[in-house]
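To start, the structure itself, in structure tokens.
A short reminder: the numbers here are calculations on the coordinates, not readings from a lab. All figures in this text were calculated on a predicted structure; none of them were measured in a lab. Using ideal geometry, Cβ is built from the backbone for each residue, glycine included, and neighbour counts are taken over all protein chains shown.
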Amino acid sequence: MKKEKIQFKVGDVINTEGHSNMIGKATIMRIEGYSLYFTDADGTKYHGITQSQVRVLIENDVWKLNY
């Protein structure tokens, strides 16, 4: 049975569980092509994280989606 691919949307919240330099909740603010753009709880903006990288972190329970 094939596992369904995680689809991201603007407004999704990621809990990096301390496995990132992002503070607290990270929210997807923009999606362009395969790149995700986040803002963390302190308002710091992050960009250039590919959807595939984030998908791997979530599938391996390193990060949590929409917690």
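So for the pair Ile6, His19, with labels modelled 7 Å out along Cα→Cβ, what separation do we get in nm?
About 0.9 nm, to one decimal.
Given charges of +1 on the Cβ of Lys and Arg and -1 on the Cβ of Asp and Glu, with all other atoms neutral, how large is the dipole of the chain about its Cα centre, in debye to the nearest 20?
Approximately 240 debye in magnitude.
With a cut-off of 8 Å between alpha carbons and a minimum separation of six or more residues, what is the relative contact order of the chain in percent?
About 31 percent, as a whole number.
Running Debye on the chain with equal point scatterers at the Cα sites and no solvent, what base-10 log of I(q)/I(0) appears at q = 0.12, 0.14, 0.25 Å⁻¹?
Cα-only, vacuum Debye calculation for the chain: -0.27, -0.36, -1.17.
For segment 5-55, state which trypsin sites (Lys or Arg not before Pro) are in a DSSP loop and have at most 16 other beta carbons lying within 10 Å of their beta carbon.
Here the trypsin sites (Lys or Arg not before Pro) that fit, given the DSSP loop and packing criteria, are Lys5, Lys9.
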